[in-house]
């Protein structure tokens, strides 16, 4: 049993024991820097029935080296001649994130974003989001982890491309400040092959770190993600796009509207069917029991 069984996110939504799985529509940068796209993604996420929409927030000059930013970036997913131009083209401003926060709340959704640097933590604190997400490649960025947990907000941490020792070191830092965290199994390839998903790590994460667990999926289709509920996942995150054929690196590994709606339906059905680890006579069975056994 995890040390913390329930984490309160907002006044009317919690994560953990006795709570239906917390489903996140990971919009990330799939808005392609366009606010109309961002609002449409929020609209469709709300219609699909998710709990939260998540974005990604970066201070470009801080998050990337000058050498990388100055380098040419001319591939099919490029929005600029250099990596700097590309990144600025798809990044939103603080005012735009604040506007999207308000818009998501108006749709009864929780808004939050993944900070990629210390300045972005400050931005998201000013916006007032109720929780944080750490990207997989920042599992070893202990300074960023510490800055996030010092806010006092719950943290969801993806663990793609990480070892047990790396995850353990991150958890050790988190636990200096809070027990309100969830560790997510994740495979950092886009899209991820089914053979690489390793969802059996989900209960092992819970066992090793005595914490709540979840799943951040990058595989194609809906099929695998709902099944993680049976392994103990209380948080499920999937990338979401208006169209998988859109220009950009994450669209191909994302769900479209029908897929997201199906994900929500199946996750909730799996959760409802889990029940208790007991063998008992269900009330719905009583008529057949009486008819066939006489008692």
If R0 = 22 Å, then residue 265 and residue 43, at their Cβ-Cβ distance, give a FRET efficiency to the nearest 0.05 of 0.75
Label model pair residue 10, residue 161: point-to-point distance (7 angstrom along the Cα→beta-carbon line) in nm is 3.3 nm
Taking Cα atoms, the helix 94-106 axis meets the longest principal axis of the chain at an angle in degrees (rounded to 10) of 20 degrees
In units of 2.2 N^0.38 Å, the Cα radius of gyration of the stretch 97-139 is 1.18
Subtracting the Cα-Cα distance of residue 177 and residue 273 from 0.36 nm times their residue separation yields 31.0 nm
Listed with the fewest Cβ neighbours within 10 Å leading, 194, 257 appear as 194, 257
One would report the Cα pair-distance distribution of the stretch 171-240, bin width 10 Å, in %, as 21, 50, 24, 5
Out of 47, 283, 125, a Gaussian network model of the chain with alpha-carbon springs under 10 Å gives the largest mean-square fluctuation to 283
Neighbour-count ranking for 78, 65 (other C-beta within 10 angstrom, fewest to most) reads 65, 78
Here Rg/Rh (Cα, Kirkwood) for the stretch 250-295 equals 1.34
Footprinting proxy, 31, 138: sorted fewest to most Cβ within 10 Å, the residues are 138, 31
Rounded to one decimal in Å, the inverse mean reciprocal Cα-Cα distance for the stretch 6-293, i.e. its Kirkwood radius, is 19.8 Å
Per the rule of 0.36 nm per residue minus the C-alpha distance, extending residue 65 to residue 81 adds in nm 4.1 nm
Distance in nm between residue 108 and residue 295 label points, each 7 Å along Cα→Cβ, equals 4.8 nm
Residue span residue 190 to residue 282: 0.36 nm per residue of separation minus Cα-Cα distance leaves a gain in nm of 28.8 nm
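Here, each number is a calculation from the coordinates, and none is a lab measurement. Everything numeric in this text was worked out from a predicted model, so none of it was measured. Reconstructed Cβ throughout: ideal geometry from the backbone, glycine too, with neighbour counts over all protein chains shown.
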